[in-house]
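A.B. asks: First the structure, which I've put down as structure tokens, then a few questions once you've had a look.
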Number of protein chains: 4
Amino acid sequence: MTSPEIAGEVCHVAHDPARRVVQPDKARLLARLGRVEGQVRGVARMIEEDRYCVDVLTQLAAAKSALNGVAKQLLESHARGCVARAARDGDGEVAIDELLAVLRQLDGKAFD
Amino acid sequence: MTSPEIAGEVCHVAHDPARRVVQPDKARLLARLGRVEGQVRGVARMIEEDRYCVDVLTQLAAAKSALNGVAKQLLESHARGCVARAARDGDGEVAIDELLAVLRQLDGKAFD
Amino acid sequence: MTSPEIAGEVCHVAHDPARRVVQPDKARLLARLGRVEGQVRGVARMIEEDRYCVDVLTQLAAAKSALNGVAKQLLESHARGCVARAARDGDGEVAIDELLAVLRQLDGKAFD
Amino acid sequence: MTSPEIAGEVCHVAHDPARRVVQPDKARLLARLGRVEGQVRGVARMIEEDRYCVDVLTQLAAAKSALNGVAKQLLESHARGCVARAARDGDGEVAIDELLAVLRQLDGKAFD
């Protein structure tokens, strides 16, 4: 990668092991994931310290919500980037099937 | 903690800052959270490496599902431990309201 | 039933086939369910008329949301009525297990 | 409709008020919706009869699950029909944005 690339610029469909996707706003995505990791570690620390279950669950709910936010960001940029590109290139059907499969894996909960 | 304690054995209701709850199967809970943390870090690494969005989302779905599993375990042991104990002690109503509030925070998704 | 009763007033635990629960705000619950029924019929009519999928899905999303609202109202009044009463009567543990089971059936989605 | 049409055969994008979509397996969709309507009516009847909350919630959970099944069927055939067609016709981006919007309305729960 020698130049800044927009999302999906190098996106390929399905089974190409070499496909690479530079996420748009990659730094922000990584920062969000870093925060989620810290929240999960915080939940563990609270359990170590025998904190009250409801306080632990409140922190865990925050981690879940943050992780869902990342999933939603990824899913939307995938749909608008890779899927839209595949569609323009005549590979829309494969990309749409793949999108539906990932929605099932997420149990749609990227949008919760 | 010098002796084995069962869940909720030292559970107090609501606003006691000193309430302490030793989670039953605490070691297993911490191990599960350690795995979730590793999965979240794995998602970040995949984004760093410009991996294909769908592969990232698949890993993220696994992290979400594992985090939901922890929430479910905590919620059930809270209900069977602290809430049941509060009920026996005549504080059932406060504990039930608190349980409903935490379910709303989790958006019920501990059970997804 | 000869007199107005509050929720859970006649609530019994578990396997009593004769248990009866007069829902608080019963008229409002029934009105909400009548609206859900009308929304579901509306979805069917739109499909009959070959309406655009996205318009059908929007109406279906409204029906889902309304049905979730009813589930949430029922679940909360059950927890505050029957479960709290069972707790006072020393049957808290059975009632809490039953509540957890129904949350799993709803997939927690009364709170979505 | 005088001839058999496949899904999306007459599908148009976005703001065409005349767009018509004959759902594939329309009869089965309508039969599923008829069952959901009956289930919702059954929930109302149980509340009328002052049935135990948990039994009502169990029936309501079944109605929810059936309604989710319909949403999932509609969403998948929309994605594979209308969205794929729009993609082939060069309108993929509009159709994908519309799909993301409807997922948000459903809160992704077609896939729950």
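A.B. asks: In the stretch B:57-99, which residues are under 20 Å from B:VAL21 (Cα atoms) and charged (D, E, K, R)?
C.D. replies: B:LYS72, B:GLU76, B:ARG80, B:ARG85, B:ARG88, B:ASP89, B:ASP91, B:GLU93, B:ASP97, B:GLU98
A.B. asks: Which numbered condition in (1) among the charged types (D, E, K, R); (2) modelled with pLDDT of 95 or more; (3) on the phi > 0 side of the Ramachandran plot is the only one that A:ARG41 fails?
C.D. replies: (3)
A.B. asks: In the stretch A:52-76, what count of residues is obtained for those that are more than 7 Å from chain B (Cβ to nearest Cβ) and either without any contact (Cβ under 8 Å) to a residue 12 or more places away in the chain or more than 18 Å from B:GLY42 (Cα to Cα) (or both)?
C.D. replies: 5
A.B. asks: If I filter the stretch A:1-16 down to residues being open to solvent by 80 Å² or more (accessible area, probe 1.4 Å) and within 9 Å of chain B (Cβ to nearest Cβ), which single residue comes out as modelled with the highest pLDDT?
C.D. replies: So the residue we want is A:HIS12.
A.B. asks: Given the conditions (1) touching a helix residue (DSSP H, G or I) at 6+ places or on another chain (Cβ under 9 Å); (2) within 16 Å of D:ARG32 (Cα to Cα), report the number of the one that C:ARG45 does not fulfil.
C.D. replies: (1)
The values are calculated or read from the model by the stated rules, or taken from the named source; none is laboratory data. These figures come from a predicted structure and were not determined experimentally. Methodologically, a virtual Cβ is constructed for each residue, glycine included, from the backbone with ideal geometry; neighbour enumeration extends over all protein chains shown. These accessible areas exclude ligands, DNA and RNA; they are computed on the full protein's heavy atoms, side chains included. Shrake-Rupley method; radii C 1.70, N 1.55, O 1.52, S 1.80 Å.
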